[in-house]
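The values are calculated or read from the model by the stated rules, or taken from the named source; none is laboratory data. Computed from a predicted model, the values in this text were never measured in an experiment. Cβ: placed from backbone, ideal geometry, glycine included. Neighbour counts: every protein chain shown.
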Amino acid sequence: MGNIISNINELIKNTGNLIELEESIRLFMYEVFASVLGEVFTRLNQVINENKQAMGWIVKREDWKTVQFTFGAVRFRHTLMADENGDSHYPFDEWLGLRKSQRHSPLVEVKVAELASESTYRETARVLKEWTAVNLSHTTVGNIVRRVGKAQAQADEEMVTELDEAASLPEGKKVEYLYAEADGVFVRGKEKKKSLEVRHAVVHEGWERNGKRVALREPKVIMTTQSTPDFWKEVQALTAHCYSLEDTQVVTNSDGGLGYTAEKFQEAFSQSNLPVLNQLDHYHVSQALNRALGGGQSEYKDGIKKALKDHNLDDFMLWLDTYESTLDDAKRIEKVKAFRTYITNNWERIFDWREVVENPPKGARSLGAMESNQRHISFRMKKRGMHWSSEGGEAMVKVKQGILNQTLRNVYVKHQHRSARKQREVKRIVRMSEILRNPTRPSVGVKQGAIGLYTAHSTAMGHLVKSFK
């Protein structure tokens, strides 16, 4: 502690203002913490080596290893050993939970991925350098995002496999109503004129108010760039692991596009014994109406909207035919025909679910949260000249999914969660490391002593002894 205080005093004397002082102390703090942790790791490595040698393992060599933590680069010694079968191991790395060639702590990697999910890789590297002891290139940031996103993707695949192989459905939360919406958003791919579709689903239990603001209750998302069948398998697996839907009324919403039909929802939520309600998204209906009749107000649009609200197909056809008769532009007529086809093909899905079910829950609202939730993807992955590879795009959306579902950290450090037996081993090894500490002995001053002569003082040895006095 004395050395630390002395060093801080030197920093105070050698800096000209408080900003420089704080930056200098921060860097000094990083150095101290990293140095201390490196010494602790080296001592624990020595204890583990002794344990392994007692089990018959053989020491091959000792190496230096550096791992970047949020507070600095920690350098320590770790030992390469051969087990009884001759296989090579770094037992301390395995005990600590470090991967082969791992250069960053799990917290650094998760923090990097979380920050990169909101800003570019270059901006992520800049912010980390400003606020932590982590200094990375934007390329390394991208590699970390892909590694963390892959962990979330593998967890989702395992969840699907577990559901496929299970003899019965898992026991989950029981709810009276469950709401689900799904849609896709396209982002630019690496290949010319080729895009990636991010398939996106939101599942929630309803709505809750916070003052004047309304938020979804217990929202969960699935995002992926994988195929449509894989996407719906993940949706089904997620809901099956979270809910028991046998007596649940599932209400769904989509634009009816390819891959988001009523049949897809029915299959994904087939656990429910009740018919799955699927309504056509009101936002997409309004968007299609504006494309066909223009964005301005008109009596034709008002009449068509009223016919849709009253679910009156005759009136709808009458108003649309009347409007079409006023057109002489082939392109505008084609847009009207496309709108007519879209509506008639989905006519049975145009309804308000609150008017269909008996006794809708208090505070029930119309569905249509998907468009606002798509901003999680579009704000990060679209525009600004961004192009995404298949691997990079999938990793990014999985990182976003893990953050929104609050599963990313648990999924990524799953391999580091110690069992009760492993935790006992950790405590035992830490206790054994106490024997490696060098105890501090109190000073007893200069010791007094004498040299026995056993001969005459006139001899040469006698003269030598006199010279020491």
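Does ASN373 satisfy the condition of being under 25 Å from ASN290 (Cα atoms) and touching a Gly at 6+ places or on another chain (Cβ under 7 Å)? Show your work before the answer.
Details: under 25 Å from ASN290 (Cα atoms): yes; touching a Gly at 6+ places or on another chain (Cβ under 7 Å): no.
In short, no.
Residue under question is VAL357, and the condition is that it be of a type in the set (A, V, I, L, M) and not in a helix (DSSP H, G or I); does it hold? Before you say what the answer is, go through the steps one by one.
Details: of a type in the set (A, V, I, L, M): yes; not in a helix (DSSP H, G or I): yes.
Judged against the criteria, VAL357 is a match.
Check whether at least one residue in the stretch 127-135 is aliphatic (A, V, I, L, M), in contact with a helix residue (DSSP H, G or I) (Cβ under 8 Å, 6 or more places away or on another chain), closer than 22 Å to MET29 by Cβ and at pLDDT 95 or above, and report yes or no. I'd like the intermediate steps shown before the answer.
Kept after step one, since they are aliphatic (A, V, I, L, M), are these residues of the stretch 127-135: 127-128, 133-134.
With in contact with a helix residue (DSSP H, G or I) (Cβ under 8 Å, 6 or more places away or on another chain) added as a condition, the list becomes 127-128, 133-134.
Next, from what is left, pick out any that are closer than 22 Å to MET29 by Cβ: 127-128, 133-134.
Still in the running and at pLDDT 95 or above: none.
No - not one qualifying residue is present in the stretch 127-135.
Here's the yes/no breakdown for (1) closer than 16 Å to LEU367 by Cβ; (2) touching a helix residue (DSSP H, G or I) at 6+ places or on another chain (Cβ under 7 Å); (3) not polar (S, T, N, Q):
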residue: GLU263; (1), (2), (3): no, no, yes
residue: SER270; (1), (2), (3): no, no, no
residue: HIS282; (1), (2), (3): yes, no, yes
residue: ASN290; (1), (2), (3): no, no, no
residue: GLU299; (1), (2), (3): no, no, yes
residue: LYS306; (1), (2), (3): no, no, yes
residue: VAL336; (1), (2), (3): no, yes, yes
**Asked** For GLU171, are the conditions met, namely being more than 17 Å from THR407 (Cβ to Cβ) and in contact with a Leu (Cβ under 8 Å, 6 or more places away or on another chain)?
**Response** no
**Message:** Checking ASP328 against (1) under 30 Å from THR248 (Cβ atoms); (2) free of Cβ contacts under 8 Å to residues at least 40 places away in the same chain; (3) not in a helix (DSSP H, G or I), only one condition comes out false. Which one?
**Reply:** (1)
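If you take the residues in the stretch 56-114 that are part of a strand (DSSP E or B) and among the basic types (Lys, Arg), which one is surrounded by the fewest Cβ atoms within 10 Å (Cβ to Cβ)?
First pass over the stretch 56-114, keeping only residues part of a strand (DSSP E or B): 58-69, 72-82, 88-89, 104.
Restricting the remaining residues to those that are among the basic types (Lys, Arg) gives 60-61, 65, 75, 77.
Details: LYS60: 12, ARG61: 7, LYS65: 19, ARG75: 16, ARG77: 17.
Here the residue is ARG61.
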**Prompt:** Only one residue in LYS362, LYS331, LYS335 is among the charged types (D, E, K, R) and surrounded by 16 or more Cβ atoms within 10 Å (Cβ to Cβ). Which one?
**Reply:** LYS335
**Prompt:** Of all the residues that make up the stretch 250-293, how many are under 31 Å from the mean Cα position of the chain (by Cα) and among the polar types (S, T, N, Q)?
**Reply:** 9
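When the stretch 115-136 is examined, which residues are found to be β-branched (Val, Ile, Thr), part of a helix (DSSP H, G or I) and surrounded by fewer than 19 Cβ atoms within 10 Å (Cβ to Cβ)? Before the answer, list the steps.
Taking the stretch 115-136 and keeping what is β-branched (Val, Ile, Thr), we get 120, 124, 127, 132, 134.
Keeping just the survivors that are part of a helix (DSSP H, G or I) gives 124, 127.
Across the stretch 115-136, the qualifying residue is only VAL127.
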**Fill in**
Residue set ALA201, ALA215; condition among the hydrophobic types (A, V, I, L, M, F, W, C), assigned to a strand (DSSP E or B), at pLDDT 95 or above and out of contact with any Leu (no Cβ under 7 Å at 6 or more places or on another chain); output residue ALA201
**Asked** Filtering the stretch 154-210 down to residues that are touching a residue at least 60 places away in the same chain (Cβ under 8 Å) and aromatic (Phe, Trp, Tyr), which residue is surrounded by the most Cβ atoms within 10 Å (Cβ to Cβ)?
**Response** TYR179
**Request:** Among the residues of the stretch 22-49, count how many are closer than 16 Å to THR132 by Cα and not polar (S, T, N, Q).
**Result:** 12
**Request:** For GLU50, work out the one condition from (1) assigned to a helix (DSSP H, G or I); (2) surrounded by 18 or more Cβ atoms within 10 Å (Cβ to Cβ); (3) assigned by TED's automatic domain parsing to the domain that holds SER24 it doesn't fulfil.
**Result:** (2)
